[in-house]
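All remarks here apply to the structure that follows.
Derivation of every value follows stated rules applied to the coordinates shown; laboratory data play no part. Since this is a predicted model, take the numbers as computed values, not measurements. No Cβ is skipped: glycine too gets one built from the backbone with ideal geometry, and neighbour counts run over all protein chains shown.
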Amino acid sequence: MKKTIWLVLISLLFSYGTAFSKTYTINLGIVTTPKTFHYKAAVKFKQIVEKESNGQIKVIIHHSGSVGNETSILQQLQMGALQVGVITAGPIDKFVPAIKAIEFPFLFSSYKQVDKILDGKIGQGILNQFKKADLIGFHFLENGFRNLTNSVRPVHSVKDVKGLKIRVMKSQLQIKIWRALGANPTPMPWPIYTQLAQHVIDGQENPLAVIYQYKLYEVQKYLSLTRHVYSALVFVGSKKFYDTLPKKYQKLLYQAAKEASIYERNLNRKQVAFFLKQLKKKGMIIDEHPDVASFKAKVAPLKSEFKGMARKYLDEILSTE
Ligand code: EAX
């Protein structure tokens, strides 16, 4: 009898305990579809956070831009209307100018170099800057090296870029890069399939995975493996939301973002060759060895326009072996 009473008491206490310990909901926004690596990273993050918090934190993924484009997601994170996003570095530069340092053209040539910088002191320094914009920079993950596609002509050297109307990300730096290369850059949020199909723009630039997953081969004949910019993604948080969390959950979000990022980078990198093969099969005309030096020469002077923290970090990266 006594035993039963104890059991009842304990179970009552237990259910009160769960009812009263605070639960949280993370609305996570991304602009790409469930086919993409952005989404796979978001799912991994969700799994880790929900498991490690014993269900006290629930993560709801809003994909395909259902909660707005990347600039809008960043604004909603600042206001606390969304709690997390997986966002491309490009459009972050309006909010956190220091991030321009890692988007400088032809800065990285290998994944080893990328990891050394992004996972080292410089990357950490840039992520710390997010707080100034009421954001949290949890961790870098990967979109990939960006390559140029267009529907007008093969692009081998920078001369061939002249006058092409190229869609660029809503990023101050990316607009400058394409102006320097001689294109007519048109900033637009993702996705852009319709604008390409309707010839509102001639071309765009993205990693091979994105070009394939969005079937851009249907509307873009020419691909040049320019690898002009390394495109990071970032697990971005709302500082407003983050500040309301107990320490243990703050730590958990960093840890989950890190694990999901490492998982996603590996997955993404393993498949680059596969996407190139697929794009060939789909009939794209591919220049695998464009005259990259001619591109580099045009964008190198942009360095002198880098100011403040962006300049500091760029100089540091350039002086790292
Ligand atoms: O993340 O906007 C862009 O070009 C991004 O690279 C694209 O959304 C995939």
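Tell me what the chain gives for mean residue ellipticity at 222 nm when only DSSP H runs of n ≥ 4 count, each as -39,500 (n - 2.57), the sum divided by the residue total, rounded to 500 deg cm²/dmol.
It lands at -13000 deg cm²/dmol.
What shape does the stretch 13-167 have by the C-alpha gyration tensor, where a ≥ b ≥ c are the square roots of the eigenvalues, rounded means a/c under 1.5, and otherwise prolate means a/b greater than b/c and oblate the rest?
Prolate shape, in that a/c is at least 1.5 and a/b is the bigger ratio.
Order these peptides, 188-194, 72-78, 226-232, by their mean beta-carbon neighbour count within 10 angstrom, highest first. Please list the in-between numbers first.
Details: 188-194: 15.9, 72-78: 21.0, 226-232: 24.0.
Final packing ranking: 226-232, 72-78, 188-194.
Using the C-alpha gyration tensor of the stretch 23-318, what are the square roots of 5 times its eigenvalues, in whole angstrom, with the largest one first?
Rounded to whole Å, the semi-axes are 32, 21, 17.
Where in the chain are the helices, taken as whole DSSP H runs, whose Cα atoms extend 24 angstrom or more along the long axis and whose Kyte-Doolittle mean reaches at least -1.0?
2-20
Please work out the FRET efficiency for the pair ASP315 and LYS240, using the Cβ-Cβ distance as r and a Förster radius of 22 Å; give the result to the nearest 0.05.
0.10
With the Cα gyration tensor of the stretch 254-321 giving a ≥ b ≥ c as the square roots of its eigenvalues, does the rule (a/c under 1.5 for rounded; else a/b larger than b/c for prolate; else oblate) give rounded, prolate or oblate?
Values: a/c = 3.28, a/b = 1.18, b/c = 2.77.
The shape class here is oblate.
List the residues, sorted by chain then number, that are 5 or more residues from VAL168 or on another chain and whose placed amide H is less than 5 Å from its amide H.
The answer is THR186, MET188.
Looking only at the stretch 23-318, where both bridge partners belong to it, what percent of the DSSP beta bridges are antiparallel (to the nearest 5)?
Roughly 55 percent of the beta bridges in the stretch 23-318 run antiparallel, per DSSP.
Between LYS116 and THR194, how high is the FRET efficiency from 1/(1 + (r/R0)^6) when r is the Cβ-Cβ distance and R₀ = 45 Å? Nearest 0.05.
After rounding, the FRET efficiency stands at 0.70.
Multiplying the sequence separation of GLN47 and LYS221 by 0.36 nm and subtracting their Cα-Cα distance, what value in nm do you get? Please list the in-between numbers first.
Values: separation 174, 0.36 × 174 = 62.64 nm, distance 3.90 nm.
Difference between extended and current length: 58.7 nm.
What size of dipole, in debye to the nearest 20, comes out for the stretch 206-278 about its Cα centre when the only charges are +1 on Lys and Arg C-beta atoms and -1 on Asp and Glu C-beta atoms?
200 debye
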